[in-house]
1. What nm distance separates the two modelled labels at ILE166 and LEU111, each placed 7 Å from Cα along Cα→Cβ?
2. Output the peptides 595-605, 106-116 sorted from most to least packed, where packing is the average of other Cβ atoms within 10 Å over each peptide's residues.
3. Using the Karplus curve 6.51 cos²θ - 1.76 cosθ + 1.60 with θ = phi - 60°, work out ³J(HN,Hα) for each residue of segment 659-669 in order, rounded to whole Hz, and write x for Gly and Pro.
4. By how many nm would the segment from ALA490 to GLN220 lengthen if fully extended, with 0.36 nm per residue of separation less the alpha-carbon distance?
5. Grab the beta carbon distance between ASP545 and TYR521, set R0 = 22 Å, and tell me the FRET efficiency rounded to 0.05.
6. Toward the positive end of the charge dipole of segment 50-94, about the Cα centre and with charges on Cβ (Lys, Arg +1; Asp, Glu -1), which of LEU75, ALA85, GLN60 goes farthest?
7. What full-extension length gain, to one decimal in nm, is calculated for GLN102 and LYS147 as 0.36 nm per residue of separation minus the Cα-Cα distance?
8. Label points 7 Å out from Cα along the Cβ direction at THR332 and ALA477: separation in nm?
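Values in this text are rule-based calculations from the coordinates and carry no lab data. Quantities reported herein were computed from a predicted structural model and do not represent experimental measurements. For neighbour counting, all protein chains shown are included, and Cβ atoms are generated from backbone atoms with ideal geometry for every residue, glycine included.
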Amino acid sequence: MTSNHRYLDKELSWLSFNQRVLQQAADKSVPLLERVRFIGIYANNIDEFYKVRVAKIKRQLLHHNGDHQPAQQLLDRIQHQSLQAQQHFDAIYNALLNEMAQRHIYLINDLQPLACEQQQWLQHYFHHSILPQLTLIPLTDTVDLIKRLHHHCSYLVVMITRATSIDYTLVEIPTNTLPRWLQLPSTNHQYSLMLVENIIRAYIDDVIDTVTDAQTTYEQLSVYSIKITRDADYELKPNNHDVLHQLSHHLQQRLTAKPLRLVYQHTMPAPLLQLLTDKLRLSDFDTLIASEHCQHLDDLSAFPAIGNKYLHYAPLPTINSAAFNQASNVFTAITAQDILLYYPYHSFEHMLDFVHQAARDPAVRHISINIYRLAKQSRIIDSLIMAANNGKQVTVVVELQARFDEQANIDWAQQLTAAGITVLFGVAEVKIHSKLCLITRQEQQQLVDYAHIGTGNFNEQTARIYTDFSLFTCQRAITQEVRQLFDYLANPKAKVSFNHLIVSPINARARLYALIDSEIYHAQHQRSAGITLKLNNLIDNGLIDKLYQASQHGVKIQLIIRGMCSLIAGVPHRSENITIISIVDRFLEHSRVYIFTNNGSPKVFISSADWMQRNIDRRIEVGCPILSPSLKQRIIAITKLQLADNVQARVIDPALSNRYVSRGKRPKIRSQTAIYHYLTHVEAQSQRLAHKEHQHHAK
């Protein structure tokens, strides 16, 4: 906590969130291979945490020449928790390996357990497919290791022991061209897999022999795993309009950025560890972690789908929207009513159809969309290019600073520009994180706008595993303001006014404060008052203080926070009216919802924005009111199911204990499963009503 114990440190809160991910890997009610994937998600999360968040703390220390006590104390706590977490991680991973072996799935570390036929197959594969792609880097005085290491490679360190000397060399393994896991030919319903690093270990003599003089013999080869994490953060210079060039420069810098974490095999000899520490210029501010398993285990998040069905989550068929399915086209459907989809329960095909039909429809004049993260093979991009080829005006606002997707978005921007599409890079010094699409259609004598406002990216891959809302509407109160925002993105000097949309950084803070103040007013006058928020992160001190103020006036506040949460609930005379839970389950909870009781006439918003200072003050974010009474009630019903979760929900308390919500004598409610059944019922009921109405008109 901070010194006044008013807020939790966001970094420690984040580590607590990742512990909830690790809890999933240890939870035996989760199918075995899904638990293995959670191990991979945990490992990937930790990598990103060090690349960005720890990098910022370290820069604070370096800026103050190491004399910055709060930053040093925070870094010490992070390192202490990281060491503890690594031990917990290793224990869970070992337990998973044992359980997998009981299910006849073996992660092989060496050649000994392999049958003769498997060894012959593997030897042939190694010499023909792996060995030609390996590079050896001698650890000599002339090698600048920081510049020599590549971000798309993993590394093994080989200690070459001779009669009179010991030499060290790195084996560089290209992870972008070699498979991370190799499934070996197996029989008797057994599955044998080897990590590529372990295959190389098994044939390390052959690797070293390719560069060792035949006259020079060695007595022993010892191989150790390492994992290096670099500083991946950057800041673009203000008032520099050549964003593309500046970003490309920073991405090149990222490739050779100084390491700030080294995870090394726990059996590594001390002299070798010291050599690596010196070569990587690691300081006391950096993190050294000894681990039993220090390979790139983030690849476990994409572990092969093998074995019996019960080892995986049972498939959930996506739900089709009755409103879209029963209409002749997407525009007729949206004209009849606002449509709300909730992924991954609903099919993302409806969103893809929205853009695809617009590309082909002769009546469509203009398509505007802003993109943040796209699928690697994006059908959205294909439809936009088709629209341009069909003579429509297409404007795409590309956010180049989407972290770790920067290069992909540069490539998309170039591809779209080559297709004749107008590509904009948005507002200087502000990242564009909204999820908007506006389609303008000629209908009789007028132009009609159709808008999409969402909480998640236009990404058909993540739409299978992230929970997100999509609203489709042609209500002028909303579409006119969406149009205003696109005009603002094209011309930031344009005057804009938003009465319905909550737009960061233009009016978001003032609107959110006013909504909270309204609930305080209702509570003061003994009216029905309450606030329910579902967010990924809640770390903005100003908004937290407002929630504290509301709690002190008796406003009941229910929070569902997936990740970082700096608010401390349950403190007498400050936050005793606030409760916080976090849900970590099969799907990643990504939607943002704001519900204000408003004396019994609820105000409901979906939004792209978390309650973080960057999202409120330094990003383009959009929150949209739900105007349809039935859709408003649908979101409230979904949120109530989440608040009632007593299977995968954890209590967020000041101790960051991550204890599960107590079920008591209540029936089990797993919100993600309950929401799927609820939406299935809603869509089936809508289909039945539409069918009856059709029969009535037919008579």
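1. According to this spin-label approximation, the distance is 2.6 nm.
2. Details: 595-605: 17.6, 106-116: 14.2.
Listed from highest to lowest mean packing, they are 595-605, 106-116.
3. For segment 659-669, the Karplus-derived couplings read 6, 5, 4, 6, 8, x, 9, 6, x, 5, 10 Hz, x marking Gly and Pro.
4. Details: separation 270, 0.36 × 270 = 97.20 nm, distance 6.47 nm.
Full-extension gain reported as 90.7 nm.
5. Working: r = 17 Å, r/R0 = 0.78.
My answer for the efficiency is 0.80.
6. GLN60
7. Values: separation 45, 0.36 × 45 = 16.20 nm, distance 4.40 nm.
Stretched fully, the GLN102-LYS147 segment lengthens by 11.8 nm.
8. According to this spin-label approximation, the distance is 2.8 nm.
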